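Here is the structure we will look at, set down as structure tokens.
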Amino acid sequence: MPSKEKLAWLLALGAILFFHFYRLHLYTLNFPNWGDDYAFLELIDYVKNHNLTENISYIFHFHNQIHRIAYARLWVVIQYAIGGELNFKTAIFLANLQLILLLIPFHLFLQKIKRSPWHLIGIACLLFSPLGNLDNYNLIGVLQHTGSILFLVWISYGLFYAENSFWVLFLALCYPFVSTEGLAFLPMVTYVWWTKNSKLKIVFSLLAITVIVFYFHDYVGTSSSKGSFSWLHLKGLLIFLGNWALPISDSFRAWINLLAGTLVLLYFTWKIIGSISIKLSFPALLFLQVLATGVLICLGRASMGDLELITLSDRFLLYGHITLLAVYGNLLINKNFTFRLAWGLLLSGAWMLASFFMARRPLQEITLRWKSDLLGAYFFQNASSYNCPEETIQLLTKSYFSFNPLEIPKKLPAFQEKNNIQILPFRQEFKDGQLALSWKNLPEKKSQTDQRFIVIKELQAHKTIFKIAALANDYPNRIKFSQATLGGNSSSTNVEIYLLNLSKEKITRAQYVCSLTLNN
């Protein structure tokens, strides 16, 4: 590559990376995003008070009954040991460097198949698509799921282009301790090495069995599956495989994903077994692992709620984009089809641009919900997005975590002013402690940079509890709504609702909205 072309290539790649990390800086906060991130505070608290043997055992013990996330825990412990505290924003930023490491095997892959290095720009556009990276804005997501993809891509590349390398064997054996789907990848690695007659095939087979036995040796969890594979599971799987589809319609998003997933499944079925004999490749192996992950998710989470909503979750978007990368790579490796560079760059560039516009509102909503929990924890020692026990909230007062004063206003209003003018929600639902409210006639915010929240003043018999919830869909002429978890278990609860406005300068204003009696 001539020097001027190489400079242009580096500038293009650098621009993609810069805007990804700029968005991280813009939207992330130094605060646990969702309840699972508190597990890392619990980890630091445990490590500080136990010996080395106990700490190693803790790093490998189960998370949520089934996952052994030793890779994520070890990563956090090392960062804490170096920095002396756990700053979530810094940790998320550093963990996203894994995406850059993902580009290396794809670059080597292009060299092996003698395709233009400019295809790496197309690959980077798909990999760093803003919508596909929503999961990378919370710490457990970027460490567990992006870490899983990192191991998957490197191992898959090594199996086909670095045969008999011990680093491939090592990474494959470690993969289950990054994310549970690594267990499903062990048989695939074994199959590839046996078909290639690798000198490591017997050693790896024995070690893989050892890893599986160790993984489940103290397993005491219960199955959450609904039994045999059914249409519900198949539909969820196809939606999962189609998670690369842009959400151009909220009403038909599940069916759009299902169609996209069906097309990808048919394509790789044809490429892998279309000629009767099984033909595996680096891109095909990526797809097969995403397929196996989807099967595990659909079987394991079918009884946890609406499977459509689960498989459409932000946390699985990156898997869908890896499926898209598998298609891109397979088009490049196909000797009977010339995938022109111009088309690759045009389509991937357009995809990234569309993804940018699609991701703006979800990112704003994520940050707003995140900010509401930060304010609730700082001022009222509670969270509204999820049930967070008091002892867990107390972890935020430990020496290894400190709030960023730039993210928090100096004080909040008193939330005491009341008047006779009430703005009642047109829809309210209160069930099992979950309060959902929707408004058609709330006043619009004066500045688009303002962040607005619903403050719920819960009037209990002996004390008053405040909860701060995000005001979602807070755009002109839209139905705005909020959802919060309340602490009261009584059949009837009296609450006062306030609208909290937080300006860019961290100035707060409050407006009384209404008083409600909630009946469970």
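The values are calculated or read from the model by the stated rules, or taken from the named source; none is laboratory data. Everything quoted here is computed from the prediction, not taken from an experiment. A quick note on method: Cβ atoms are made from the backbone with ideal geometry, for glycine too, and the neighbour counts reach across all protein chains shown. Note: areas computed on protein heavy atoms with side chains; ligands, DNA, RNA excluded. Shrake-Rupley method; radii C 1.70, N 1.55, O 1.52, S 1.80 Å.
Restricting the search to segment 421-443, which residues are open to solvent by 90 Å² or more (accessible area, probe 1.4 Å) and under 33 Å from the mean Cα position of the chain (by Cα)?
Pass one, segment 421-443, residues open to solvent by 90 Å² or more (accessible area, probe 1.4 Å): 421, 424, 427, 429, 431-432, 440-441.
Correct list: R427, E429, K431, D432, K440.
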Margin query: Of everything in segment 197-220, what is part of a loop (DSSP other than H, G, I, E, B) and within 31 Å of the chain's Cα centre (by Cα)? Give them in sequence order.
Written below: H217, D218, Y219, V220
Check: Residues K467, K410, K457: which one is assigned to a loop (DSSP other than H, G, I, E, B) and at negative phi?
Finding: K410
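Yes/no matrix, rows are residues, columns are (1) assigned to a loop (DSSP other than H, G, I, E, B); (2) open to solvent by 30 Å² or more (accessible area, probe 1.4 Å); (3) of a type in the set (A, V, I, L, M, F, W, C):
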residue	(1), (2), (3)
I297	no, no, yes
G300	no, no, no
L318	no, no, yes
L331	no, yes, yes
K335	yes, yes, no
T338	yes, yes, no
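One line per residue, one yes/no per condition, for (1) surrounded by 23 or more Cβ atoms within 10 Å (Cβ to Cβ); (2) closer than 18 Å to W75 by Cα:
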| position | (1), (2) |
| --- | --- |
| V153 | yes, no |
| E163 | no, no |
| F166 | no, no |
| C174 | no, yes |
| T195 | no, no |
Note to self: For segment 428-444, give me each residue that is in a strand (DSSP E or B) and not aromatic (F, W, Y).
What the structure shows: Q428, E429, K431, Q434, L435, A436, L437, S438
Notebook entry, point to check: Would you call I468 buried (at least 17 other Cβ atoms within 10 Å of the Cβ), modelled with pLDDT of 90 or more, touching a strand residue (DSSP E or B) at 6+ places or on another chain (Cβ under 6 Å) and under 29 Å from L363 (Cα atoms)?
Noted result: yes
Margin query: Can you tell me which of (1) touching a strand residue (DSSP E or B) at 6+ places or on another chain (Cβ under 6 Å); (2) open to solvent by 30 Å² or more (accessible area, probe 1.4 Å); (3) touching a residue at least 60 places away in the same chain (Cβ under 8 Å) is the one N494 doesn't meet?
Written below: (3)
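Just name the residue that is nearest to the chain's Cα centre (by Cα) out of those in segment 107-133 that are aromatic (F, W, Y) and surrounded by 23 or more Cβ atoms within 10 Å (Cβ to Cβ).
Step one: of segment 107-133, the residues aromatic (F, W, Y) are 109, 118, 128.
In the following step, the residues that additionally are surrounded by 23 or more Cβ atoms within 10 Å (Cβ to Cβ) were identified as 109, 128.
Details: F109: 27, F128: 14 Å.
Out of the qualifying residues, it is F128.
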Next item on the list: Show the residue pairs that are 6+ apart or on different chains and have beta-carbon atoms under 9 Å apart, the first residue being within segment 446-461 and more than 17 Å from D373 (Cβ to Cβ) and among the hydroxyl-bearing types (S, T, Y), the second being in a loop (DSSP other than H, G, I, E, B) and open to solvent by 70 Å² or more (accessible area, probe 1.4 Å).
Entry: S447/K504; T449/K504
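Among the listed residues A254, A326, which satisfies the condition of being open to solvent by less than 20 Å² (accessible area, probe 1.4 Å), farther than 30 Å from K112 by Cβ, touching a residue at least 12 places away in the same chain (Cβ under 8 Å) and part of a helix (DSSP H, G or I)?
Working: A326 fails: farther than 30 Å from K112 by Cβ.
Going through A254, A326 in turn, just one is open to solvent by less than 20 Å² (accessible area, probe 1.4 Å), farther than 30 Å from K112 by Cβ, touching a residue at least 12 places away in the same chain (Cβ under 8 Å) and part of a helix (DSSP H, G or I): A254.
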Note to self: If a residue counts only when it is more than 30 Å from I202 (Cβ to Cβ) and touching a residue at least 40 places away in the same chain (Cβ under 8 Å), which helices (runs of 4 or more DSSP H) contained entirely in segment 92-165 have at least 3 such residues?
What the structure shows: 98-112, 119-127
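Being of a type outside the set (F, W, Y) and at pLDDT below 90 narrows it down to one residue among S179, S224; which is it? It would help to see each step written out before you state the result.
Details: S179 fails: at pLDDT below 90.
Result: S224 is the single residue among S179, S224 that is of a type outside the set (F, W, Y) and at pLDDT below 90.
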